[in-house]
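So the structure is just underneath, and the comments pick up after that.
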Amino acid sequence: MLAYTTYSEAGGVGKSTLAANLGVADARAGRDVLLIDLDPQEASVSHLLDVDDQRADTSADSLVRHMVERERGPFEDLIRRSESVDIVPAHNSLEQLDRHLSRREEEANDFGENWNRNVQLLRVLRENSIQEAYDTIVVDPPATADVKLYNAIHATRSLLVPFEPSGKGRKSVDGLEDLVPGLEENLNINVGVLAIVPNRFRGTNDQQDMLDEMRKREYDIPVVLRERGSLFEGCWRQQCSAFKYVEEHRTRTRDYETDT
């Protein structure tokens, strides 16, 4: 099984777009894929793949409820399906996940129970045999180092980092030098960087120098995504993957988009 968390300290680098499209790519390759959306922002994977209609429904069951052991139904009922990918959509209650988990942890401590708020996503996945049911699990948390990221890391142990070859992007990758050891120390687990995926690459000398520097640091860069603003903006507008957008919403074929 392949499991990873898409994460970047810099916002707006295509993290959720990458998560959704990698999930669809794996599904099209014949793999069973589960995508878990931990991002409370409305512009998240759930919106992109058009499964966020219950985000504001306070009566609906949610992953947050399962993580604090207050579920209203079986885990499988949370799962929606879009473009052959199974998705656990985000819910507005994720905004208060830290508070909910802290309160549940305090309650457990009062009764002398060992209850770690950072491993509750992993617990939910294990109790429902999710690792055995899927070939690929992708978790997409927000671009902040908080309890949502910590739960994602415990569940996957690997980071996949979108990287924009710019000053902001360089800063986010530089931050990995401190972030990964910090996560390992705080969570007491090993955390790997599965890959760095450059996005919005325009081929300038400065950008190429940045890629060369990343490779010298021995980060794996399996693919470089060039500037495809029209393609990815179209995906968000039509709420679909790049694959579906090119196949169903383009009136003419653009070879460079098909290659992407």
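The values are calculated or read from the model by the stated rules, or taken from the named source; none is laboratory data. What you see is a predicted model; the values in this text were computed from it and never measured. A quick note on method: Cβ atoms are made from the backbone with ideal geometry, for glycine too, and the neighbour counts reach across all protein chains shown. Each accessible area value is taken on the protein alone, full model and side chains, heavy atoms only, with ligands, DNA and RNA left out. Shrake-Rupley method; radii C 1.70, N 1.55, O 1.52, S 1.80 Å.
Here the spin labels are modelled as points 7 Å beyond Cα on the Cα-Cβ line, and at ALA25 and ARG250 they lie 1.6 nm apart.
Mind pulling the per residue volume of the convex hull built on the Cα atoms of segment 193-254? Å³ is fine. Let's see the in-between values first.
Values: hull volume 6.2 nm³, N = 62.
Each residue corresponds to 101 Å³ of Cα convex hull volume.
Ellipticity at 222 nm from helices only: DSSP H runs of n ≥ 4 in the chain, each -39500 (n - 2.57), divided by the residue count, give -12000 deg cm²/dmol. For the peptides 56-63, 189-196, 205-212, residues were scored by their other Cβ atoms within 10 Å and the scores averaged per peptide; the highest-first order is 189-196, 56-63, 205-212.
3J(HN,Hα) along segment 18-27, derived from phi through the Karplus expression 6.51 cos²θ - 1.76 cosθ + 1.60 where θ = phi - 60°, amounts to 5, 4, 5, 6, 5, x, 5, 4, 5, 4 Hz, with x in place of Gly and Pro. In the elastic network of the chain, a GNM with C-alpha springs shorter than 10 Å, the most mobile of SER46, SER166, SER158 is SER166. Against the chain, whose longest principal axis is taken from its Cα atoms, helix 176-187 shows a tilt of about 10°. Each of the GluC sites (Glu not before Pro) that DSSP puts in a loop and that has at most 15 other Cβ atoms within 10 Å breaks the chain; the longest unbroken stretch is 114-217.
Here ARG215 and PHE243 are evaluated by their C-beta separation; at R0 = 25 Å the FRET efficiency comes out at 0.35. How large a share of the accessible area of segment 59-191, in percent, is made up of carbon and sulfur atoms when the probe is 1.4 Å and the other protein chains stay in place? Percent of accessible area from carbon and sulfur atoms in segment 59-191: 40. Where a Cα-Cα gap under 19 Å defines reach, which lysines qualify for LYS171, not counting those fewer than 8 residues away within the same chain? Straight-distance partners of LYS171: LYS15, LYS216. Between ASN188 and GLU257, the simple label model (points 7 Å from Cα in the Cβ direction) yields a spacing of 5.1 nm.
Based only on Cα atoms, what mean projected area does the convex hull of the chain have, in nm²?
Details: hull surface 56.8 nm².
If I average the Cα hull's projected area over directions, I get 14.2 nm².
Tabulate in residue order the Karplus-calculated ³J(HN,Hα) for segment 99-108, using 6.51 cos²θ - 1.76 cosθ + 1.60 with θ = phi - 60°, rounded to whole Hz; enter x for Gly and Pro. Each residue's phi maps through the Karplus curve to give 5, 4, 5, 4, 5, 5, 5, 4, 4, 5 Hz.
Here the 3J(HN,Hα) profile of segment 121-131, calculated from phi with Karplus coefficients 6.51, -1.76 and 1.60 at θ = phi - 60°, is 5, 4, 4, 4, 5, 5, 5, 9, 6, 5, 4 Hz, Gly and Pro shown as x.
Put simply, the amide H of PHE163, placed in the peptide plane, has neighbours under 5 Å in VAL197, ASN199, leaving out anything fewer than 5 places away on its chain.
Extension gain, GLU107-TRP236: 0.36 nm per intervening residue step, less the Cα-Cα distance, totals 42.3 nm.
Please compute the per residue accessible area over the chain with all protein chains in place, 1.4 Å probe, rounded to a whole number of Å². Write out the running numbers ahead of the final one.
Details: 12480 Å² over 260 residues.
It amounts to 48 Å² per residue over the chain.
How many angstrom lie between the Cα centre of segment 116-143 and the Cα centre of segment 172-243? Going from one Cα centre to the other spans 22 Å. Given a Förster distance of 25 Å, report the FRET efficiency between ARG72 and VAL180 from their Cβ-Cβ distance, rounded to the nearest 0.05. Approximately 0.10, to the nearest 0.05.
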